[in-house]
Amino acid sequence: MRTALLLLFLLALAAVPGSLLPQRSLNPLKVEQYFRDHPSLAPALDRLSAFNVFGASWFAAIYLLLFISLIGCLSARVRWHARALVGRPPRAPARPSRLTGGQSWDSALTPPEAVDAARVILRRRRFRVALAADGATRPDGSPDFSVAAEKGYLRETGNLIFHIALVFMLVGVGLGSWFGYQGTVLVITGDGFANTLVSYDQFSRGRLVDPVGDLAPFSLTMEEFTASYQPTGQPADFRAKVAYATEFDGPTRTAEIRVNHPLAVGSAKVYLIGHGYAPHFVLRNSAGGVVWEGYQPCTPRDAMFASTCTLKIGDTGLAPTGPTREPQQLAFSGVFTPTTELDRARGYVSTYPAANAPGLTLTGYVGNLHINEGIPQNVYSLDTRDMRQLRVNGPLGDDRAAQVLALNNPNQRTVTGLPGGMSLEVDGLREFATFQTKSDPFKGWVLVAAIAIICGLLVSMRVRRRRIWVRARPVADADTDADTDTDTDAGATADTDAVTVSMVEIGGLSRSDIDGFAAELRAIAMDVRAATASAPRPLDSTEQEL
């Protein structure tokens, strides 16, 4: 048990980084932003799987050891509890009245009648009751007239249910990591994706998942995205209207995906986990012809959706320069602000997340992006080591290092003065959504286990384990014991005018809630005393005449 508790503590401690740091399986965009904000710390954390905590080998080692420890612990406890359930409550002690809260009194009933009356009362209070067997004797050889009662077995049952359900939850999580998969993809309004490996920006799968045959077949197109916000800028609701098909050339259905309201397609579910803005860029040559155009997603960086934009254009038509024929490629970095206002201290900022007055601050570069060398690059970051910053013309004036464009104003959304007489226009804006496709065939198993854990914990916390014993002895035996024990209840002294046949004792023990059990024991003792107390003896004829 100590080992299991230690491992459970380590498991909770190991899960802390997964709550504090962004996880690739949930939001890869935030992970990329973390790398940009902490260029020195992020790689070190990544080597420790800090951005994929729940899939890390060290995390799996902890919960597998916990799983083995729990099974070893539970196997013995289940056997002990099963024997206790079918067994009898422990026999009554010699003097139950000596226990804390115990009482004794004289009774007009014979010992068998007294313990039988006590049995009925304890049964009525839903105790599990066991009378001493006929002919049973005490260690001193005298007849044993006693009843043992026990209550609260559900406490241990709830405890075992809690731990067994925890084992099943660990099994479900483990099997889900083997047979489940999830992929994340960014989709701009009007575009879509298919549930195939090559469609996802980020994809992870269990070791027993075949990425070709086990992925649910479907394709999805986002037709419209709407977002609403409160006056303070807090998000109110996000909705993505999609069209999807589950077969090639099959019928197309429409659906609406909201936060915490995924789209179920076969064994997979498609979740909406994020959104942002994607401006439309058009690069034109000196003759006005289109060289390149496309929507470029920008990464949100604050609650008002001020976003970082990075644009890389490899095929510009510019001639290579220098003795090594370095390509002349264009790149732009900037900040997109949905509702743009000028702050004297911070410059252009966003004051509301909706695109009421979209603006874009751009800085241009020319040089070698190294995107044709076969080495993967982060599309959201820009390496300017072999690039030169441009001085461009635009709404802020000529020969400026940066320009601020107003996307809603046709006269203030173009940057000119680029190499070769080219110009860049930002003439449109769409919203994008980040979808996560997830398949976890054992999530129902985990849900049932989680419910059982809560139920078992509630039962183990609410139910109290207690035992009560009642013993009756003939008066002769009671007088013999009284010679050596004068500690009797104040109200148990027999009245000289009462018929006394036996002495009854009651006592009990509880493992928890001592104060509550003391009150319960007093109430039971009162009921048993009322059912077994001595009755006044009948008066003789002389006393009747008097």
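A few comments on the model shown:
- Interchain or long-range residues, amide H under 5 Å from D144's placed H: A136, T137, R138
- Burial order of peptide ranges 178-189, 92-103 (average beta-carbon count within 10 Å, highest first): 178-189, 92-103
- For the range 62-119 and the range 18-39, distance of Cα centres in Å: 54 Å
- Whether the range 202-351 is rounded, prolate or oblate, judged on the alpha carbon gyration tensor where a/c under 1.5 counts as rounded: oblate
- Karplus-based coupling profile of the range 26-37, in residue order and whole Hz: 9, 8, x, 5, 5, 5, 5, 5, 5, 5, 6, 6, with θ = phi - 60° in 6.51 cos²θ - 1.76 cosθ + 1.60 and x standing for Gly or Pro.
- Protection-proxy order for peptides 264-274, 136-146, each taking the mean of Cβ atoms within 10 Å per residue, highest first: 264-274, 136-146
- Of the trypsin sites (Lys or Arg not before Pro) found in the range 309-385, those that fall in a DSSP loop while having at most 15 other beta-carbon atoms within 10 Å are R325, R344, R346, R385.
- From the coordinates shown, volume of the Cα convex hull per residue in Å³ corresponds to which of (1) 135; (2) 276; (3) 196: (2)
- Estimated inter-spin distance, H38 and L396, nm [label 7 Å along Cα→Cβ]: 3.1 nm
- Over 18 Å [Cα-Cα, the range 126-176], rounded percent: 61 percent
- A simple spin-label model places pseudo-atoms 7 Å from Cα toward Cβ; at I68 and S381 they are separated by 3.9 nm.
- Percent RCO, i.e. relative contact order, over the range 22-135, from Cα pairs under 8 Å lying at least 6 residues apart: 14 percent
- Shape summary: the range 77-187 maps onto an equivalent ellipsoid whose semi-axes, from the alpha-carbon gyration tensor, are 52, 15, 11 Å in decreasing order.
- Near the amide H of Y277, within less than 5 Å, lie the amide hydrogens of C298, F432, all on another chain or at least 5 residues away, with H placed in the peptide plane.
- In sequence order, calculated HN-Hα J values of the range 229-237 (Karplus, 6.51, -1.76, 1.60; Hz; x Gly/Pro): 9, 6, x, 7, x, 5, x, 10, 6
- The chain: Cys lacking any partner C-beta under 4.7 angstrom: C73, C455
- Relative contact order of the range 184-268: 23 percent, from C-alpha pairs under 8 Å at least 6 residues apart in sequence.
- Amide H partners (placed H, <5 Å) of R465, local residues excluded: R511, S512
- MRE, 222 nm, helices only [DSSP H, n ≥ 4, -39500 (n - 2.57), over the chain, to nearest 500]: -10000 deg cm²/dmol
- Relative contact order of the chain, pairs being alpha-carbon contacts under 8 Å that are 6 or more residues apart, as %: 21 percent
- Accessible surface of the chain [probe 1.4 Å, protein heavy atoms]: carbon and sulfur percent: 56 percent
- Rolling a 1.4 Å probe over the heavy atoms of the protein chains gives the chain an accessible area of 53 Å² per residue.
- Centre separation in Å (Cα based) which lies between the range 295-321 and the range 378-407: 10 Å
- The Rg/Rh ratio of the range 259-340, with both radii computed over alpha carbons and Rh defined as the Kirkwood radius, is 1.17.
The values are calculated or read from the model by the stated rules, or taken from the named source; none is laboratory data. Since the structure is predicted, the reported quantities are computational estimates derived from the model, not experimental observations. Please note: Cβ atoms are built from the backbone with ideal geometry, for glycine as well, and neighbour counts cover all protein chains shown. Note: accessible area is taken over every heavy atom of the protein model, side chains too, but ligands, DNA and RNA are not part of it. Shrake-Rupley method; radii C 1.70, N 1.55, O 1.52, S 1.80 Å.
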